[in-house]
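The values are calculated or read from the model by the stated rules, or taken from the named source; none is laboratory data. Remember, predicted model here, so these are calculated numbers, not experimental data. Cβ placement follows ideal geometry from the backbone for every residue including glycine, while neighbour counts extend to all protein chains displayed.
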Amino acid sequence: MQIKVLFDSQALRKEFLTGWGVSFLIKDTLFDTGEKPQPLLKNMEYMGVAVSGIRNVVISHDHWDHIGGLWEILKKNPAIRVYACPGFSQGFKNKVKSLGNELIESVRVFKVSEDIYVTGEIPGEYEGEFMPEQALVAKTSKGLVIVTGCAHPGIIDILQVVKRQFPDERIHMVLGGFHLMDQDERLIEVIAKEFKKMGVEKVGPTHCTGKEAENIFRKEYKNDFLSIKVGMVIDLHS
């Protein structure tokens, strides 16, 4: 199993386009779509990823920087199934349906395809408003890989949900947005140490995690810290 980094704020080489938001491809499942369609599509082209080969799109939450490339992807492939939280806006749901794509609202943990799951809706908050979010979970020979969009419910809360859903599995890796940009340094240090206590073996914080938080995780994880960049292919050997 491989994870291809299709969109992020940093890139391996100058031909890749960057911006705000994330997008990862795991097998035939796309997780989030960044802020704009053209950079995402161009990066997919550079990495040899065909829209026709995508079977599922999992959207973590319906903020602009996670759904920006979605509509062009769906227009190019009406066979794609879209996995959303029940609490997403009605406008989002209507637009998916208007393009002819199947919308699946994941209330609880749900198997998307072989070894790929969504957590289902986890309640969160953003600027005082309810913000439902879900994470993607991949089963690999090394353990679980958890992919997050922004972690508005709290990154530790998300990990706890996954541990309850998969009690017999260890967590090999957590990557994506941890949403720690505006958090106190001492709290971030506590969170990084909690990752270790929960048995998380590798981390790849990106997007809304914040540079200070990334540095704290880098210090805590040393060689098990992944610096995520567009163009990367993370080989999970399964």
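When GLN2 is tested against (1) within 22 Å of TYR117 (Cβ to Cβ); (2) crowded, with 18+ Cβ neighbours inside 10 Å; (3) polar (S, T, N, Q), just one condition goes unmet, and that condition is (2).
Evaluating LYS42 against the criteria (1) in contact with a Lys or Arg (Cβ under 6 Å, 6 or more places away or on another chain); (2) not in a strand (DSSP E or B) leaves one unmet condition, (1).
When the criteria are applied in full, PHE88 meets the requirement of being of a type in the set (A, V, I, L, M, F, W, C), within 18 Å of MET131 (Cα to Cα) and touching a His at 6+ places or on another chain (Cβ under 8 Å). Among the criteria (1) modelled with pLDDT of 95 or more; (2) touching a strand residue (DSSP E or B) at 6+ places or on another chain (Cβ under 9 Å); (3) within 22 Å of HIS152 (Cβ to Cβ), the one THR209 does not fulfil is (1).
Applying the criterion of at least 1 residues that are buried (at least 18 other Cβ atoms within 10 Å of the Cβ) and in contact (Cβ under 8 Å) with a residue 12 or more places away in the chain to the strands (runs of 3 or more DSSP E) found wholly in the stretch 51-167 leaves 56-58, 81-84, 110-113, 116-118, 136-140, 143-148. Here GLU214 clears all of (1) of a type in the set (D, E, K, R); (2) assigned to a strand (DSSP E or B); (3) under 29 Å from LYS42 (Cβ atoms) except the condition numbered (2).
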